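Asker: Below are the structure tokens for one structure; questions will follow.
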Amino acid sequence: MITRDTKVGELLNNPIAKDVLSQLVQYAGVNEKVILNPIVKSLKLSAIPKFAGKAMPDADYVIDAMIDLFNQEADTKPLMKSNTHYWWKEAVVYQIYPRSFQDGNGDGVGDLKGIIQRLDYLKELGVDAIWLSPIFDSPNDDNGYDVRDYRAILPEFGTMEDAEELIRQMHARGMRLIIDLVVNHTSDEHEWFIDSAKNPQGEHADYYIWRKPKNGGHPNNWHSFFCGSAWEKVDSRDEEYLHLFSKKQPDLNWENPKVRDEVCDIIDFWRAKGVDGFRLDVINYISKTTLDNGSETLGSLLQFSGIEHYFYGKRLHEFLHELKRRAFGDAFTVGETPGTGPEMNKLLTADEREELNTVFSFDHLENHGKTRFDDYRYNLNHLKKTFSRLEGDYADYAWPSIFVENHDNPRMVSKINPNDEYRDIIAKLIAVVLLTARGTVFLYQGQEIGAVNVDFQDMSEMRDIESINKYDDLIACGKTPEQAWHAVLVGSRDHARTPMQWTDEKYAGFSEHEPWIRVGDKDVRNVAQQLKEETSVLRAYQTLIQLRKDHPALVYGSFEPHEAAKDDVFCYYRDDGNERFYIEINLCERAVKQPATKGEMELVYSNYMAQGDGLQPYETNIYRVQK
Ligand code: NOJ
């Protein structure tokens, strides 16, 4: 048990503490070695408030909250190693943002019929499964992540018959469908919420989290991820409801067993339709340990207060185990779990614990001390560090999800180096990192053609609620319109949400009608053109996906780093006992010395036409090692 007498150094033996410390260090942008400093290591937790002084006015509060959190796993058994083979470990999953993939009925909005038209393309690319962002009926405050009816399809996207047809067509091609289950919150237009707000004594009264205002203010100081307080009032109840996202996305009350019954019913409904898996939106937020105020210190470090009370809540494991036992069965599950670290994630996904199959960890998406809205060049050494951790020891116990893009992030190529000269090279480098990784690979639409950020001109072109609220918030905090626009442009989720670029036609072959959001650089990059070019990014993806399929060593093989201490190169072996591969990657824009290797090797893929002495900027090569 951790107490106030525990020394900082001893915390590192506690898995949860290890994760939390490393997350905090990442946010603060300080070197991890700080915690290993002998003076810091020997400090008792009770001494921290004095040590931290004014820098951390609520130190006592933070320490108590942390002790509570760290002790959550005090009785947890150590995990066993596991290397069981499952279809989802081998799968290359392709994420579709339905609104932007293909318009099938000419209204400027992507839809299910459109997706069906493009299944052969995806099959040819080598995709095994599709993760479909939400397709359910929704007022679209957050583009479908605010569900009004879990059993109806958003009319703009089609009908239930279209969804059934999609499942049939996918299964006929040997592909699987993973749908997005958004059950941390619903829309405020969901019938449960309408009733909950109207009838404080009614059947749905406790489906959401309601609390009385405190001292004329909100029930606590928690922030919404989409700006402002996480609480909102309604006229019909003398309480406020919690919404971690927009005020149109009230959080469900998972403490209420009826809510969990409802979620199980929704899962049953979609499993009966033939859905093969579920991506669970912000699923680690479902258990709120307390509704106490969040620490001011943590709030300013993490930019949102209250997180420590719900990012790894006391009942999280219990709720997930219940869903697995009662509803998921053998359906695949991938949890979106912002903020949890590798040790927590192992506990969420190890086979023996029967909770989730895998989770998305986000540690690799930003460099130390940076956020999505900071304008900086992403240093790929960070990707090396975070992926090495996942694919090594972590994957012996649990199974990682490997991705660099999704609908919530700008394009990775732009982040690494916006210089056009390297666009294809970097896009192919990313393809190599992903497709030689030990984990389930998730690609995001457009990544396979090397999509980059979009040249949005001003706020009138932005569609995402997060970008719009962020802009208003920055202005309210005193930023100039130029500064606010710049920050939004750097981090906006809209970069990844522009229409898929199929052709160089007016609307990129996405639609005949003006799309709901502007089109990117379809004249420079589009699928039709890349299918014609042998050396295109698209062809590289096809080749690398096939390579992965033909060689299980690239999926299940051990991950053995080579010359790991050398900066700017990422080299590793993948070996399953039958075959051995060697991958070398130059992580920077200059030519670097090629790390030495032993033995005969045959080059099987390179993102350069010709190899020289050393590694050229962002060069990556895959070799088969002759045994
Ligand atoms: C995570 C989703 O990926 C994001 O798009 C959404 O805005 C939030 N969860 C809220 O549902």
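The values are calculated or read from the model by the stated rules, or taken from the named source; none is laboratory data. It should be emphasised that the depicted structure is a prediction, and the values quoted were computed from it without experimental measurement. Here the Cβ positions follow ideal geometry from the backbone for every residue, glycine too, while neighbour counts run over all protein chains shown.
Asker: Residue by residue through the range 1-43, note down the ones that are of a type in the set (Ser, Thr, Tyr) and in a helix (DSSP H, G or I).
Answerer: Hits for the range 1-43 are Ser22, Tyr27.
Asker: Could you tell me whether any residue of the range 550-563 is surrounded by 15 or more Cβ atoms within 10 Å (Cβ to Cβ), touching a helix residue (DSSP H, G or I) at 6+ places or on another chain (Cβ under 7 Å) and not in a helix (DSSP H, G or I)?
Answerer: Yes: the range 550-563 contains one or more residues that are surrounded by 15 or more Cβ atoms within 10 Å (Cβ to Cβ), touching a helix residue (DSSP H, G or I) at 6+ places or on another chain (Cβ under 7 Å) and not in a helix (DSSP H, G or I).
Asker: So Asp142 clears everything in (1) within 16 Å of the ligand (Cβ to nearest atom); (2) under 19 Å from Ala272 (Cα atoms) except one condition, right? Which one?
Answerer: Asp142 satisfies all of (1) within 16 Å of the ligand (Cβ to nearest atom); (2) under 19 Å from Ala272 (Cα atoms) except (2).
Asker: Specify which of the listed residues (Phe70, Phe51) is modelled with pLDDT under 90 and in contact with a Leu (Cβ under 8 Å, 6 or more places away or on another chain).
Answerer: Phe51
Asker: With respect to Trp270, is the statement that it is among the aromatic types (Phe, Trp, Tyr), touching a residue at least 24 places away in the same chain (Cβ under 8 Å) and within 16 Å of the ligand (Cβ to nearest atom) true?
Answerer: No.
Asker: Give me the residue from the range 388-436 that is under 23 Å from Thr340 (Cβ atoms) and of a type in the set (Asp, Glu) and, out of that set, surrounded by the fewest Cβ atoms within 10 Å (Cβ to Cβ).
Answerer: Asp393
Asker: What pairs come up if the first residue lies in the range 1-22 and is free of Cβ contacts under 8 Å to residues at least 60 places away in the same chain and farther than 18 Å from Pro338 by Cβ, the second is part of a helix (DSSP H, G or I) and hydroxyl-bearing (Ser, Thr, Tyr), and their beta carbons are under 8 Å apart, counting only those six or more places apart or on different chains?
Answerer: If the second residue must be part of a helix (DSSP H, G or I) and hydroxyl-bearing (Ser, Thr, Tyr), the pairs left are Asp5/Ser46.
Asker: Give Gly114, Gly106 a once-over and let me know the one that is assigned to a helix (DSSP H, G or I) and either surrounded by 13 or more Cβ atoms within 10 Å (Cβ to Cβ) or in contact with a His (Cβ under 7 Å, 6 or more places away or on another chain) (or both).
Answerer: Answer to the selection: Gly114.
Asker: Which ones in the range 48-59 are of a type in the set (D, E, K, R) and surrounded by 14 or more Cβ atoms within 10 Å (Cβ to Cβ)?
Answerer: Within the range 48-59, Asp58 is the sole residue that qualifies.
Asker: A further question follows. Confirm whether His364 is of a type outside the set (Phe, Trp, Tyr), out of contact with any Ser or Thr (no Cβ under 6 Å at 6 or more places or on another chain) and under 27 Å from Phe559 (Cα atoms).
Answerer: It is false that His364 is of a type outside the set (Phe, Trp, Tyr), out of contact with any Ser or Thr (no Cβ under 6 Å at 6 or more places or on another chain) and under 27 Å from Phe559 (Cα atoms).
Asker: For the range 120-138, give me the residue count where each residue is in a loop (DSSP other than H, G, I, E, B), away from the ligand (no atom under 16 Å from the Cβ) and out of contact with any Leu (no Cβ under 9 Å at 6 or more places or on another chain).
Answerer: Within the range 120-138, residues that are in a loop (DSSP other than H, G, I, E, B), away from the ligand (no atom under 16 Å from the Cβ) and out of contact with any Leu (no Cβ under 9 Å at 6 or more places or on another chain) number 1.
Asker: Which helices (runs of 4 or more DSSP H) does the range 386-499 wholly contain that include 1 or more residues that are free of Cβ contacts under 8 Å to residues at least 12 places away in the same chain, farther than 30 Å from Tyr582 by Cα and within 16 Å of the ligand (Cβ to nearest atom)?
Answerer: 465-476
Asker: Follow-up. Does Pro155 satisfy the condition of being surrounded by fewer than 22 Cβ atoms within 10 Å (Cβ to Cβ) and within 16 Å of the ligand (Cβ to nearest atom)?
Answerer: Considered against the rule, which asks whether it is surrounded by fewer than 22 Cβ atoms within 10 Å (Cβ to Cβ) and within 16 Å of the ligand (Cβ to nearest atom), Pro155 comes out as no.
Asker: Still on this structure, please answer the following. Given the residues Trp131, Trp87, which is the only one that is among the hydrophobic types (A, V, I, L, M, F, W, C) and under 30 Å from Ile307 (Cβ atoms)?
Answerer: Trp131
Asker: Something else about it: Go through the range 209-223 and give me each residue that's of a type in the set (Gly, Ala, Ser) and modelled with pLDDT under 95.
Answerer: Result: Gly216, single match.
Asker: Within the set of pairs 6 or more residues apart or between chains, which connect a residue that is under 23 Å from Ile116 (Cα atoms) and more than 14 Å from the ligand (Cβ to nearest atom) inside the range 172-192 to a residue that is in a strand (DSSP E or B) and not charged (D, E, K, R) with Cβ atoms less than 6 Å apart?
Answerer: Arg176/Ala129; Leu177/Ile130
Asker: As an exercise: evaluate Gln23 against (1) at pLDDT below 90; (2) out of contact with any helix residue (DSSP H, G or I) (no Cβ under 7 Å at 6 or more places or on another chain); (3) surrounded by fewer than 15 Cβ atoms within 10 Å (Cβ to Cβ) and give the number of the one condition it does not meet.
Answerer: Result: Gln23 fails condition (3) only.
Asker: Looking at Gly335, is it touching a helix residue (DSSP H, G or I) at 6+ places or on another chain (Cβ under 8 Å) and within 16 Å of the ligand (Cβ to nearest atom)?
Answerer: For Gly335, the condition - touching a helix residue (DSSP H, G or I) at 6+ places or on another chain (Cβ under 8 Å) and within 16 Å of the ligand (Cβ to nearest atom) - is met.
Asker: Something else now. I'm checking my understanding of the structure. Among residues of the range 492-517 that are farther than 23 Å from Leu112 by Cβ and surrounded by fewer than 20 Cβ atoms within 10 Å (Cβ to Cβ), which one is farthest from the chain's Cα centre (by Cα)?
Answerer: Among those that are farther than 23 Å from Leu112 by Cβ and surrounded by fewer than 20 Cβ atoms within 10 Å (Cβ to Cβ), it is Lys506.
For (1) under 25 Å from the mean Cα position of the chain (by Cα); (2) under 24 Å from Ile416 (Cα atoms), each residue gets a yes or a no:
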| residue | (1), (2) |
| --- | --- |
| Gln447 | yes, yes |
| Gly450 | yes, yes |
| Val454 | yes, yes |
| Gln457 | no, yes |
| Asp464 | yes, yes |
| Ser467 | yes, yes |
| Gly478 | no, no |
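Asker: Only one of these is closer than 29 Å to His204 by Cβ, small (Gly, Ala, Ser) and either more than 16 Å from the ligand (Cβ to nearest atom) or in contact with a Leu (Cβ under 8 Å, 6 or more places away or on another chain) (or both): Gly294, Gly341. Name it.
Answerer: Unique residue meeting the criteria: Gly294.
Asker: Mind checking whether some residue in the range 572-589 is in contact with a Gly (Cβ under 6 Å, 6 or more places away or on another chain) and either loosely packed, with under 15 Cβ neighbours inside 10 Å or in a loop (DSSP other than H, G, I, E, B) (or both)?
Answerer: Within the range 572-589 (the criterion being in contact with a Gly (Cβ under 6 Å, 6 or more places away or on another chain) and either loosely packed, with under 15 Cβ neighbours inside 10 Å or in a loop (DSSP other than H, G, I, E, B) (or both)), the answer is yes, since at least one residue qualifies.
Asker: While we're looking at this one, here's another question. Considering only the range 193-208, state which residues are within 25 Å of Phe311 (Cβ to Cβ) and either at pLDDT below 95 or more than 16 Å from the ligand (Cβ to nearest atom) (or both).
Answerer: Ser196, Asp206, Tyr207
Results for (1) more than 26 Å from Trp87 (Cβ to Cβ); (2) surrounded by fewer than 21 Cβ atoms within 10 Å (Cβ to Cβ); (3) modelled with pLDDT of 95 or more, shown as yes or no for each residue.
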| site | (1), (2), (3) |
| --- | --- |
| Met344 | no, no, yes |
| Leu356 | no, no, yes |
| Gly369 | yes, yes, no |
| Tyr378 | yes, yes, yes |
| Asn381 | yes, yes, yes |
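Asker: What's the total number of residues in the range 273-285 that are more than 24 Å from Gly299 (Cβ to Cβ), within 15 Å of the ligand (Cβ to nearest atom) and of a type in the set (A, V, I, L, M, F, W, C)?
Answerer: Number of matching residues: 2.
Asker: Could you grab me the full set of residues in the range 347-385 that are of a type in the set (Lys, Arg) and over 16 Å from the mean Cα position of the chain (by Cα)?
Answerer: Arg353, Lys370, Arg377, Lys384, Lys385, listed by residue number.
Asker: Considering only the range 245-267, state which residues are within 16 Å of the ligand (Cβ to nearest atom), among the hydrophobic types (A, V, I, L, M, F, W, C) and within 15 Å of Val147 (Cα to Cα).
Answerer: Residues satisfying the conditions are Phe245, Leu252, Val263, Ile266.
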